[in-house]
Amino acid sequence: MSTQQPSLQVAVVMRKVRITGPMSRWQPWRWELADVVAHEPAFGTEPRRLRQDENGEHWLHPNFTVELFRDDAEGYYLNATTPAPCWFVLWRMEEEATVSDEPIPRPAAVSVSYHDAGRWLDAQETVEQVPAPPEVVAWFQAYADEHYKIEPKKRKRPDSFKPLTDRFGNPASVSTEKKFGGGEHG
């Protein structure tokens, strides 16, 4: 039996876009996720600028592996059954420039799991999404269909039907009768 996880090799395209309007006074540019594409050997292993003009830049970040794991089948199911299934990309800005004159964004992970994206967002990471192509959606949908079984909803019995117990689990009773004195000099 093979222990290798189903996987795809992908590359991430990030773009630098000019900001217009009043916000451009403080920040003339911003980076955003442009696309996730199938990796090709010709891409190599290092980021490279695809194009640059007065409106911005596009950078290719090659060689990311997207793996499917049985214990995350629900995350793939949730993505596949939305109106817009997508890739999720976690990226961070470089602290110092490494391959350009200025720091560029560096993708750190790519996933098709809602659970991965949720964990990353909970950790205050930058996560963006772009639509996944139909053949990729079919790939992770098939995996989810094979490995994720929807749990039937169990009807919760209203609390009013539960027997009353004390803090030790012993049966308890409630009475509206006055058993002891109290009140006005009773």
Given R₀ = 25 Å, FRET efficiency for ALA108-GLU151 by Cβ-Cβ distance, to 0.05? 0.20
Work out, step by step, the length gained on full extension between ASP166 and GLN27: first 0.36 nm times the residue separation, then minus their alpha carbon distance; give nm to one decimal. 43.8 nm
If the reach is capped at under 19 angstrom between alpha carbons, list the aspartates and glutamates near LYS153, excluding any in the same chain fewer than eight residues apart. GLU74, ASP145
Of (1) 14.2; (2) 23.7; (3) 9.5, which one was derived for mean projected area of the Cα convex hull in nm² from the structure shown? (2)
Fully extended contour minus Cα-Cα distance, from ARG18 to ARG92, at 0.36 nm per residue: 24.7 nm
GluC sites (Glu not before Pro) within segment 1-95: DSSP coil, no more than 16 neighbouring Cβ in 10 Å: GLU54, GLU94, GLU95
Given points 7 Å out from each Cα along the Cα-Cβ axis, report the THR82 to ASP35 separation in nanometres with one decimal. 2.1
If the convex hull of the alpha-carbon atoms of segment 9-107 is projected onto planes in all directions, what is the mean projected area in square nanometres? 8.6
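Throughout, read-outs are computed from the coordinates displayed, never taken from laboratory work. Keep in mind that this is a model prediction, so the values were computed, not measured. Cβ atoms come from the backbone with ideal geometry, glycine included; neighbour counts cover every protein chain shown.
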